[in-house]
Structures are given as structure tokens and as C-alpha cells.
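Readers should treat all values here as calculations from the given coordinates under stated rules, not as data from a laboratory. Since this is a predicted model, take the numbers as computed values, not measurements. Ideal geometry is used to build each Cβ from the backbone, glycine not excepted, and the neighbour counts take in all protein chains shown.
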Amino acid sequence: MAPDLASAQEHDHDHDHDHQAVPSDPALRVKALESLLVAKGLVDRAALDALVDTYEHKVGPRNGARVVARAWVDMAYKGRLLSNATAAIAELGYGGAEGEQMLVVENTAKVHNLVVCTLCSCYPWPVLGLPPVWYKSAAYRSRSVIDPRGVLREFGLELADDVEVRVWDSTAELRFLVLPERPAATEHLNESELAALVTRDAMVGVGRVARSREGAHA
Amino acid sequence: MNGIHDMGGMQDMGPIRPEKDEPVFHAAWEGRMFALDMAVDGGWPPLDAFRYQIELIPPADYLRMSYYEKWYTALTELMVKYGSLTREELDSGKSAGPAKKTGHVLRGAEVAPMIAAGWPATVEVKVDPQFRTGQRVRARSINPVSHTRLPRYARGKLGTIVQDHGVVVFPDASAQGLGQKPQHVYLVRFAMRELWGAEASPRDSVYISMWDDYLEPA
């Protein structure tokens, strides 16, 4: 494809947008687009199948849960995770697209971290998969940075005044993962049992990890 | 561009609506749209150009359209701009012949390696940092008319550099095809009270990634 982006983009400023109609039936529009791109030799259907399969079945919050559980049971690993998250996450086999550079931030009794992308939908795919709709919603994107405590309250999390809230707005290609607090009275659980408790919401910072899976959201 | 996508700090977007047991894709076409974009997009166009194209969706449409409808619009607009498709082909769904300029077509077996490699935004060139960790800085009060990752709510605000996360492609340039203009990116801590005034929590803060060109010494 033509690399002549500068001249292509000049067009934007006097562009009247009339043709950017909302697809009346997105399912039909996308199906037509796929057929067209295949017919033009621009896309291979096997690649599309592999991409859908990867993000539906292989990449998701279970990856992040393994990272968190490892950090809870292995202090040396936790140290590496907090000092060089990209490398520590790669030790468990995760990395790449939308997680090329990672930072892990730790929740404690006195610090609560919350991750957002106010400008679009940046999210750490290798460890959490694709973002849920609420994360991409205008409501979450707009309010997380001005009223994080109110947002957390909507998720059922009331923070004491003496807890410091740190909001991480993903404006660059640095992706954030929250290391939640390990729930009390879980000393008897092994690493994989701990991983089963860790939720996506806790790793975004809108939830806590509960002692048992009941009562956990997502 | 001071657009609707730059939502940080807005308060009228309604409640956040998490969905229980949310599927990765809500309909098959969402998965296909995701995959089409990833397949066509693998390395082209720059991610920043794709984001910018989404930002060019008129605000009323931006708010009304679902996430993957925006992807449909952005991808097809970019492909028409670059000459990979004509608008007639898009409207009719009929190919007028093989694409003239076909770049590499992603094959099924190439999906896993592509995801594993990702698209690092970091650049292996030596560029001197303009700021240092611990330094007080002010986010510049600027209003770029094209793509930028400097959110409005931070402009003109004072913050502290907490970490330098390396030399990275500059999105404001990259989105317009003006090259990489690589420069340092820093995590900058902004106190809630600096961003939102005296009624904000004195303990809380927002961390935002900021490129050299977004900052000035305080």
C-alpha cells in the first residue's frame, strides 16, 4: 500500500464526512468487506480465523491471573515483575501485541491503582485479552481521571480516605497491569488455586480479589 | 485535535455498565472486523494513523457507533485513502479487480508470530532526554489540530517526572506520515488537585505518559 500518508492525510481537513455513514447492518457490511478484501487478494481467510481464535480462546485474563499468582507466591518473581514487568511477564510466555512494554503497579493497604485509557481503548492484551465494553465506554473513560473514587464506588469498592488512589491513563504504548492484594487467609492455597481467584476487574483496578470465587465479578 | 475522543474529565456520560460474563465478541461480525483490521493493519498503517482516523469520525457518530463499527469506518476510510479500495467497490461489495499495490498478505501461520512480536513503538536510536526523573514539568498548553496523545485535561498543568520509559515514536508526527520523530516518553505524576482544583482529594493523582514535545520545564 502507498506510504504517502502525508498527502493522504491533508485531505482530512476539508473532508465533509458525509460518506462516513453508520453501517446500517454492521454484520452485512463486515461480511461484504471481508469478501471484497479476499477477492482483491488483500486478506487471507485463514489469518482471520486464527486471529479470532487467538483472542477468543488463547489470550485472556487467565494469563494475567497466572502472573499475579506467581508474584504472590514467589517474592523474587514479584521483585522482577515490579522492576521490569515486560521481562517478568515474558518469563511466563506472555508478551507481544499491545503489551510490547508493560508496567505493573502494586495495590497495598494504602495505595489503590486504577487503569484507564481516556483517549481510546489501550489495554494490556497479552495478559488481559481484549478490553470489555465498559472499559471502552465514554462513561468509564471520562470519569476515571476526575472521580476515580466515584467510579470505584460504582463497581462496589469503597476506599477509605487514607488510601491513596493512583490513576494510570494509557496515553502511550506502555500498558499497565494492577497487581492486586492477595486476600487474607489464603496461605493454604497453591499457585494455581490462587490464580483461579484473580479476576480481570482486580487487574484493571476496579475490583479486589475475594477469598473465594463466589462474589467475584469478572 | 480537540475532539470528542479526548474524554478525560467529562461528567455527563452516564453510569458505567459492566456486563456479567461478557463474551470477547458480542457477535461474529465483531470478531471478523477485529481480525480484518489486524490482518490488513499488520504493520500498516501506523497505529497512530488508525487512531487518528477513528478520531475523525464526527462526534455524534462517534458517540452513537459501537466500538467495532468505528473500526469498520476507520479501516475502510484508510483503505480508500491509500488506494487499496475504491468507494464504488466498498458500496457495491464487488471487486473491480485485484488490488494494484498489494503489500504482504498475512497468512494463517503468520498470525501467532505476528502477535508474539507485536509492534514495539520504542526506537533503537540515541536521543538525549530533555527532562530527568524527579523534575517538575508543565504540560504545554497547545492545541494540535491533528492527532495528539496529550489529553486536554493535562494541558498547562504541573507535574513531576517519575520515570523515563525510553525513546518512542512521536504519535503527532507518525499519525500524519511525517516520520517517527523519536523522543523520550516519561510517566508524569499530576496531583488531582492540580488537575481538578481544591475539591479534589489531596492524596490522589493521575499518571500520564508524556513525550518530550509535550513538556516544558516548570
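Quick notes on this structure:
- Packing rank of A:188-199, A:90-101, where each peptide gets the mean count of other beta carbons within 10 Å, highest leading: A:90-101, A:188-199
- Relative protection proxy for B:28-36, A:73-81, B:107-115, from highest mean packing down: B:28-36, B:107-115, A:73-81 (other beta-carbon atoms within 10 angstrom).
- Compared with the rule-of-thumb size 2.2 N^0.38 Å for a compact globular protein, chain A has a Cα radius of gyration ratio of 1.20.
- Both radii come from the Cα set of chain B: Rg as radius of gyration, Rh as Kirkwood radius; their ratio Rg/Rh reads 1.00.
- Diffusion constant of the protein assembly as shown at 4 °C, which comes from Stokes-Einstein with the Kirkwood Cα-pair radius and 1.567 mPa s, µm²/s: 58 µm²/s
- The mean count of C-beta atoms from other chains within 10 Å of the C-beta of residues in B:206-216, rounded to a whole number, is 4.
- Note on B:153-160: average number of Cβ atoms from other chains within 10 Å of each residue's Cβ is 1.
- Mean Cα-pair separation over length for region B:28-117, i.e. relative contact order, pairs under 8 Å, 6 or more apart, %: 31 percent
- Alpha carbon centroid spacing (whole Å) that separates region B:70-145 from region B:10-58: 14 Å
- Scanning chain A for long hydrophobic helices, with DSSP H runs required to stretch 15 angstrom or more by C-alpha along their axis and to average at least 1.0 on the Kyte-Doolittle scale, returns A:26-39.
- Within straight-line cross-link reach of B:Lys94, lysines at Cα separation under 20 Å, skipping those fewer than 8 residues along the same chain: A:Lys31, A:Lys40, B:Lys81
- Lone cysteines, chain A (no partner Cβ under 4.7 Å): A:Cys120
- Based on Cα contacts under 8 Å between residues 6+ apart, chain A shows a relative contact order of 22 percent.
- Sum of side-chain charges, A:Lys110 neighbourhood, beta-carbon under 13 Å (Lys, Arg +1; Asp, Glu -1): -4
- Amide H partners (placed H, <5 Å) of B:Trp211, local residues excluded: B:Tyr186
- 0 to 90° range, to nearest 10: angle between helix B:28-41 axis and chain B longest Cα axis: 80 degrees
- Chain B: relative contact order in percent, alpha carbon pairs under 8 Å with at least 6 residues between: 20 percent
- Between region A:154-184 and region A:20-88, the Cα center-to-center distance that results, in Å: 23 Å
- Whichever lysines have a C-alpha closer than 21 Å to that of B:Lys126, once near sequence neighbours (fewer than 8 apart) are set aside: B:Lys181
- Shielding of B:113-123 by partner chains, average beta-carbon count, 10 Å: 5
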